[in-house]
Amino acid sequence: MSALGAKARRAVIPPPRPLRNKVSPGGPSLAEIVERAETALARMTDEYAETAREDLAELDAALAAIKAAASDAVRAEALGRVYRLAHEMRTQGGTFDYPLITRIGSSLCAFIEAHGDKAAERWEVIETHGDAMRAVLAGRVTGDGGKIGRELVADIEAMVAKAVARMAKTDT
C-alpha cells in the first residue's frame, strides 16, 4: 500500500485573505476614489501650465547660453539642458491634456537626437519650438488643438525640414 493510502492525512490550507478583508469597512467607494483622483488631476493640470511656463523660461536661458557660448563644451551642456526640458515637457503634456506640448517637445527631442551637438548651430529651431509651446500654454490649447493645432505642428515640421536641409548643405 502506498504512503498516500486510505489513511493518508490531508492538510487543509486556507486561501490567503482577499484584499477586501484587509480594507476596513466604511471606506470610500470606488466612485468617491475616482472623483477624488479626477479632482486632483484637474488641480494638477492648472499647476502644470505654470510649471511648463517655468520650464520654458529655463529653456530660454539655455538657448541664450547656446547663443553666447564661447566653447563647444558650454554649448553642449546648454543643449543638454534644452533636451532635458523638452523631454520632461513632452512626457507631462499628454498627462495634463496638452498633447500639442507632447508633439512639439517630441519634435525638438528628435531634432537634437538626430543631429547631436550640431543641433545647437540651428538655435532658431529650438527657439521656434519654445515659441510654439509658449503659444499653446498662453492659449490654453488643450486636446489636439483642432485645425490650428494641426497647422502649428505642420509649420514646425516644415521648419525643421528646412533646417535639416540647410545643415546637409553645410556638411557637404
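Results, tabulated for the structure shown:
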item	result
Top of ILE148, ILE126, ILE13 by mean-square fluctuation, Gaussian network on the chain, Cα under 10 Å	ILE13
Among HIS87, HIS129, HIS115, residue whose mean-square fluctuation peaks in a GNM of the chain (springs only between Cα atoms under 10 Å)	HIS115
Backbone HN-Hα couplings from phi across the stretch 10-15 [Karplus 6.51/-1.76/1.60, Hz, Gly and Pro as x]	10, 9, 9, 10, x, x
Ellipticity estimate at 222 nm from DSSP helix runs (n ≥ 4, -39,500 (n - 2.57)) divided over the chain, nearest 500	-25000 deg cm²/dmol
Relative contact order of the chain, pairs being alpha-carbon contacts under 8 Å that are 6 or more residues apart, as %	19
Residue exposure sequence - LEU108, LEU137, LEU41, LEU85 - by fewest surrounding Cβ within 10 Å	LEU41, LEU137, LEU85, LEU108
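Only the coordinates and a few stated rules stand behind these numbers; no lab work does. Everything numeric here is computed off the predicted structure, so don't read it as measured data. Positions of Cβ are backbone-derived with ideal geometry, glycine not excepted, and every protein chain shown enters the neighbour counts.
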